[in-house]
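Right, one structure below, let's go through it.
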Amino acid sequence: MTTNDGEPETGAPYDAELMAASTDLGAALRDLIEASVVSTVPAGEIAAAAELVRQATARVAASRRTAAQLPVLDDPATGRRVFNPVVGIGNAIAPPLLVRREEGGVVAEVTLGVAYEGPPSYVHGGMSALFMDQLLGSAAGAAGLWGMTAHLELDYRGPLPLETPLVLRAWVDSNEGRKSVIAGTIALASAPEKPLVEARGIFVMPRPEKAQAYFGAITDATGKHTPPRRPGDATSVQWS
């Protein structure tokens, strides 16, 4: 997660050198993924590149955490999730989205490359669902209504073009007890008043016994039990 100037958000102290290296690796891998799907170089060049990637993978994979252990760079209490697949600056499959507060909800801008293609020259519809799920959850968290996705529906009004600035918005539609209804849209940045994708999600705060069942094994990087317990634990939202 980053601030508006691209720097990692503050929170619990972290290893600045590791953060910089992880951010750089994420950016380099994003460039590689995009290049790999648009490249027209000969087969020999592709094969040589594949071998270089395998060598790099072996170096990075020399030491691993388990899925139940949070990354050492993460700070769930402030929403710093470095390897989230939508907003994580260290995750190569994340654009990444920079989500920030605006009056009435949250907003993010992004331009998606060919790696996110579904129909030729347009964004894959499943990506819209992924981004909206994240953004709706961020809107819930920004309002202090942390919950887990119980239902998500999208209406596709038109295709989202690749390599074109897009704007994503989300806001709380209603809240009752543990259940919140969140709505959102994706539109061209040049025509934000004309949504091409409309989303609606129901987010539910798990009961204590469910939360224990879901997150009872989660630890921080030191092995300390660290279950989600408030909105910032599961969302990444910047202050405007």
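Annotation note: GluC sites (Glu not before Pro) in the stretch 5-97 located in DSSP loop regions with a Cβ neighbour count of at most 10 within 10 Å are absent. Of the GluC sites (Glu not before Pro) in the stretch 94-139, the ones in a loop by DSSP (not H, G, I, E or B) with at most 15 other beta carbons within 10 Å are E103. For the stretch 148-189, count all C-alpha to C-alpha pairs, find those more than 11 Å apart, and express that count as a whole percent of the total. In whole percent, the long-distance tail amounts to 72.
Looking only at trypsin sites (Lys or Arg not before Pro) in DSSP loops with at most 11 other Cβ atoms within 10 Å, what is the longest site-free stretch of the chain?
Looking at the chain, 66-223 is the longest stretch - no exposed trypsin sites (Lys or Arg not before Pro) with at most 11 other Cβ atoms within 10 Å.
Remark on the stretch 92-228: ratio of C-alpha radius of gyration to 2.2 N^0.38 Å is 1.14.
How big is D for the stretch 96-159, in µm² s⁻¹ as a whole number, if Stokes-Einstein is applied with the Kirkwood radius of its Cα pairs at 37 °C and 0.692 mPa s?
251
With N as its number of residues, the stretch 1-124 has a Cα radius of gyration that, divided by 2.2 N^0.38 Å, comes to 1.21. Of all aspartates and glutamates in the structure, the ones whose alpha carbon falls short of 19 Å from that of K179, not counting any fewer than 8 places away in one chain, are D133, E153, E209, D233.
Using a probe radius of 1.4 angstrom, the carbon and sulfur fraction of the accessible surface of the chain is 56%.
Counting 0.36 nm for each residue step from E102 to D15 and taking away their Cα separation leaves a gain of 28.3 nm.
The distance between label points at T111 and D220 comes to 3.9 nm (points 7 Å beyond Cα on the Cα→Cβ vector).
Multiplying the residue separation of M148 and R59 by 0.36 nm and removing their Cα-Cα distance gives an extension gain of 28.5 nm. In the chain, helical runs assigned H by DSSP with n ≥ 4 each contribute -39500 (n - 2.57); averaged across all residues and rounded to the nearest 500, the mean residue ellipticity at 222 nm is -9500 deg cm²/dmol. Backbone amide hydrogens, once placed in the peptide plane, bring N175 within less than 5 Å of V181, excluding anything fewer than 5 places away on its chain. Spin-label pair V37-E176: with each label point 7 Å from Cα along the Cα-Cβ axis, the two points sit 4.0 nm from one another.
The antiparallel fraction among DSSP beta bridges confined to the chain stands at about 95%. For the chain, the solvent-accessible area of protein heavy atoms averages 54 Å² per residue (probe radius 1.4 Å; ligands and nucleic acids excluded). Computed over the stretch 57-148, the quotient of the alpha carbon radius of gyration and 2.2 N^0.38 Å is 1.24. Simple point charges give the picture: +1 on the Cβ of Lys and Arg, -1 on the Cβ of Asp and Glu, and for the chain a dipole about the Cα centre of about 820 debye. All distinct Cα pairs of the chain go into the 1/r average, and the inverse of that average, the Kirkwood radius, is 19.1 Å. With the biggest extent put first, the Cα atoms of the stretch 10-76 measure 47, 23, 21 Å across the principal axes.
The values are calculated or read from the model by the stated rules, or taken from the named source; none is laboratory data. Quick caveat, the model's predicted, so the values are computed rather than measured. All Cβ positions, even for glycine, are placed from backbone atoms using ideal geometry, and neighbour counts span all protein chains on display. Each accessible area value is taken on the protein alone, full model and side chains, heavy atoms only, with ligands, DNA and RNA left out. Shrake-Rupley method; radii C 1.70, N 1.55, O 1.52, S 1.80 Å.
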